[in-house]
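Participant: Provided herewith is a single structure, encoded as structure tokens, for subsequent inquiry.
Every read-out reported here was derived from the displayed coordinates using simple, explicitly stated rules and does not represent laboratory data. If you're wondering where the values come from, they're calculated on a predicted model, not measured in any experiment. Cβ placement follows ideal geometry from the backbone for every residue including glycine, while neighbour counts extend to all protein chains displayed.
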Amino acid sequence: MPIPIRTIGHECDEIQSLKEFHPGSFVIPTPITVQQWLTAQFVPLLSIGFSLLMGLAVLFVSAKSRSSSLARDRSGHTEETFAENLAEYGYDPDIARATYRYLQGQQKVAIPIEPLDDLDSDLGLDSEDLREAIRELLAKTGRSYLPGLLNSPLVTVVDLVRTIQASPRRDAMVA
């Protein structure tokens, strides 16, 4: 047999309903207004809000700490060392320099860039930023985009340089 549940809103009603109390039934007082409900929920809501703010603060401090640590570890890494490093593996130093300059200037990457930096997690580029970077780097280097030229995802900076270098020059396409 289901247990009947009654709700009451006023103290007078509560006293009245207690006189009518039947064994096995529950009396549950309900808040009269939203304001009373919010008053009753103030401490839990405050705790949740404080926890969220502390979590965001920890994330912010962690990101700043990682950024300053990377900048400190990479002191002495420049556009030239980036281009020289990639030239050892057969990449065009001019494309490497243009990519480095673009990422530092246009995308406002604040740390020295290394070839194996992840475009998303290390440099903060989303897919729209990446499409814009490809478009602008191709224009700066005088190359044309050919869809499907490279079938690998762009994950690191060296993948971006490889994509730009693999794209044909505009003057070669005209001839």
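Participant: Kirkwood Rh and Cα-based Rg: tell me the resulting Rg over Rh for segment 96-175, rounded to two decimals. Provide the component values of the computation, followed by the final result.
Facilitator: Numbers: Rg = 12.4 Å, Rh = 12.8 Å.
Rounded to two decimals, Rg over Rh is 0.96.
Participant: Between MET54 and GLU84, what FRET efficiency comes out of the Förster formula 1/(1 + (r/R0)^6) with R0 = 45 Å and r the beta carbon distance, rounded to 0.05?
Facilitator: Working: r = 44 Å, r/R0 = 0.99.
Computed FRET efficiency for GLU84 and MET54: 0.50.
Participant: Hey, another quick one. Taking the mean number of other Cβ atoms within 10 Å as a proxy for protection, how do you rank 101-107, 71-77 from highest to lowest?
Facilitator: Details: 101-107: 16.0, 71-77: 11.6.
Highest to lowest by the protection proxy: 101-107, 71-77.
Participant: Nothing charged except the Cβ atoms of Lys and Arg (+1) and of Asp and Glu (-1): what's the magnitude of the dipole of segment 44-175 about its Cα centre? Round to the nearest 20 debye. Intermediate values should be presented prior to the final figure.
Facilitator: Values: 14 positive and 19 negative charges, 56 e Å.
Value, rounded to 20: 280 debye.
Participant: Moving on to the next point. If I stretch the segment between ALA63 and THR39 completely, what's the gain in nm (0.36 nm per residue apart, minus their alpha carbon distance), one decimal?
Facilitator: Details: separation 24, 0.36 × 24 = 8.64 nm, distance 3.64 nm.
Gain in length upon complete extension: 5.0 nm.
Participant: Okay, moving on. Just report the Cα centroid separation between segment 40-87 and segment 119-168, whole Å.
Facilitator: 26
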